[in-house]
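Data block below; observations after.
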Amino acid sequence: MKKFFVSLAAIIIFLWITDRLGGQLMMQCLSHTNAKAEVKIENMVKKVNDDVVLMGTSRCAYHYVPSIIMDSINASVYNGGISASDNIYSHYILLNLMLLHHTPKVVCLELMSNDFKNAGDPFDKITYFAPYFGHSKSADSVYIEAGTYWRYELSKLYRFNSKGIEALAGLFVNHRYGEDNGFFKILGNRDNSMTLRSESKDIETDTLKLKYIQRFINTCKEKGIKLVFTISPKYSIVSPTYYIPLKILAEQNKIPILDYHSIGLFHDKPEYFKNNAHLLEEGAKMYSSIFASDLKRLMEQ
């Protein structure tokens with residue numbers, strides 16, 4: 001029996017050492033990888049120091065060209081949009097991680113129905129940010145909400161279960177070609193089968209997501225950050241009431257909201273879109289010019 005417990009202890013110690021060393025090696029990998037999403041997250045957590053920071057998912061990542069916006073507002077801009085990061089839980093984590101080293105003057109948060117509707121596993125993509133678990137109590141509160149806190153507390157190597165392979169691949173292949181301060185044009189050609197479709201009016205609101213949007217607002221207010229909500233163009237039709245939950249929050253908190261989807265911006269320019277949700281480079285540049293003009297007006301108020 002004694003031999004069994006000695007062997008068990010040896011195995012546990014071996015696994016603990018392997019986990020700790022593996023976690024440290026993967027953190028070094030994040031510091032040197034050229035994988036796009038991992039580089040952007042690392043920049044947001046440790047390096048970004050721009051006046052204006054854009055946040056959101058792929059619609060942020062592919063729609064806002066910092067060089068065009070900077071020319072208009074005369075301030076530095078970083079596109080911190082993380083593709084496939086899904087919803088407000090990811091944005092809230094990333095905001096708190098960024099605030100550990102930098103407080104921008106303005107944060108523009110690209111929102112969509114996924115940020116307030118009840119759909120799928122709402123915490124699925126927060127694993128993207130797990131390598132930075134333990135840095136911020138506010139960020140870590142989302143893992144508590146999701147019920148996964150103990151996993152990341154127990155294992156440092158497990159924190160890389162979502163993006164570890166991509167980070168390793170980025171050591172050998174550079175995916176950062178054509179970067180414009182966090183902006184990368186979307187690759188591929190237009191989907192020629194795309195049609196102007198109507199989106200469902202029946203959305204079940206997720207009250208917990210709305211609470212986290214409110215927490216995002218409160219954090220920005222506490223830090224003296226001017227927050228702007230944005231909804232960039234989509235090649236789809238929605239009613240004026242589609243984004244009501246977001247607009248109510250914006251009105252209650254006196255947050256300006258720039259909604260280009262409901263008004264049908266670029267519905268007469270299908271060639272600007274790769275698909276119903278994303279703009280091609282030409283569309284992104286044109287949109288960035290329009291957005292920059294509106295943002296400049298808000299910053300001067």
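The values are calculated or read from the model by the stated rules, or taken from the named source; none is laboratory data. All values reported here derive from a predicted model rather than from experimental measurement. Ideal geometry is used to build each Cβ from the backbone, glycine not excepted, and the neighbour counts take in all protein chains shown.
Of all the numbered requirements in (1) under 23 Å from Lys211 (Cβ atoms); (2) surrounded by fewer than 24 Cβ atoms within 10 Å (Cβ to Cβ); (3) at pLDDT 95 or above; (4) not aliphatic (A, V, I, L, M), Gly80 misses one, and that requirement is (2).
Hey, could you check the stretch 225-250 for residues that are aliphatic (A, V, I, L, M) and within 14 Å of Gly264 (Cα to Cα) and say which is surrounded by the fewest Cβ atoms within 10 Å (Cβ to Cβ)? First the steps, then the outcome.
Initially, the stretch 225-250 is screened for residues aliphatic (A, V, I, L, M), giving 225, 227-228, 231, 237-238, 244, 246, 248-250.
Narrowing the set further to residues that are within 14 Å of Gly264 (Cα to Cα) leaves 231, 237-238.
Working: Ile231: 26, Ile237: 14, Val238: 18.
Going through the qualifying residues, I end up with Ile237.
Pairs meeting the criteria (first residue in the stretch 272-301 and over 17 Å from Val228 (Cβ atoms) and modelled with pLDDT of 95 or more, second residue aromatic (Phe, Trp, Tyr) and assigned to a helix (DSSP H, G or I), beta carbons under 7 Å, at least 6 apart or on different chains) are Leu279/Tyr272; Leu279/Tyr287; Leu280/Tyr272; Glu282/Tyr272; Gly283/Tyr272; Met286/Tyr272. Being closer than 24 Å to Tyr62 by Cα, in a helix (DSSP H, G or I) and either among the small types (Gly, Ala, Ser) or modelled with pLDDT of 95 or more (or both) is a condition met by no residue of the stretch 174-193.
For the structure I just gave you, tell me whether Leu111 is crowded, with 23+ Cβ neighbours inside 10 Å and more than 16 Å from Met44 (Cα to Cα). Yes, satisfied.
For His32, the conditions (1) at pLDDT 95 or above; (2) surrounded by fewer than 24 Cβ atoms within 10 Å (Cβ to Cβ); (3) more than 23 Å from Ile217 (Cα to Cα); (4) not aromatic (Phe, Trp, Tyr) are fulfilled apart from (1). Mind checking whether some residue in the stretch 55-74 is touching a Pro at 6+ places or on another chain (Cβ under 9 Å), on the phi < 0 side of the Ramachandran plot and not in a helix (DSSP H, G or I)? Yes, the stretch 55-74 contains a residue that is touching a Pro at 6+ places or on another chain (Cβ under 9 Å), on the phi < 0 side of the Ramachandran plot and not in a helix (DSSP H, G or I). Inclusion of Ser83 among residues that are of a type in the set (Ser, Thr, Tyr), in contact with a helix residue (DSSP H, G or I) (Cβ under 8 Å, 6 or more places away or on another chain) and free of Cβ contacts under 8 Å to residues at least 12 places away in the same chain is not warranted. Taking the stretch 183-220 as the search range and keeping residues that are more than 23 Å from Ser113 (Cβ to Cβ) and free of Cβ contacts under 8 Å to residues at least 24 places away in the same chain, which one is surrounded by the fewest Cβ atoms within 10 Å (Cβ to Cβ)? In this case the residue turns out to be Asn192.
Of the candidates Phe172, Phe183, the single residue that is of a type in the set (Phe, Trp, Tyr) and over 15 Å from the mean Cα position of the chain (by Cα) is Phe172. Within the stretch 262-279, is even one residue closer than 20 Å to Val77 by Cα, crowded, with 18+ Cβ neighbours inside 10 Å and not charged (D, E, K, R)? Yes - at least one qualifying residue is present in the stretch 262-279. Just one of Ser141, Ser162, Ser76 is of a type outside the set (D, E, K, R), farther than 30 Å from Arg297 by Cα and over 16 Å from the mean Cα position of the chain (by Cα); which is it? The conditions single out Ser141. Note on the stretch 251-261: among residues that are in contact (Cβ under 8 Å) with a residue 12 or more places away in the chain and not in a loop (DSSP other than H, G, I, E, B), the one that is surrounded by the most Cβ atoms within 10 Å (Cβ to Cβ) is Asp259.
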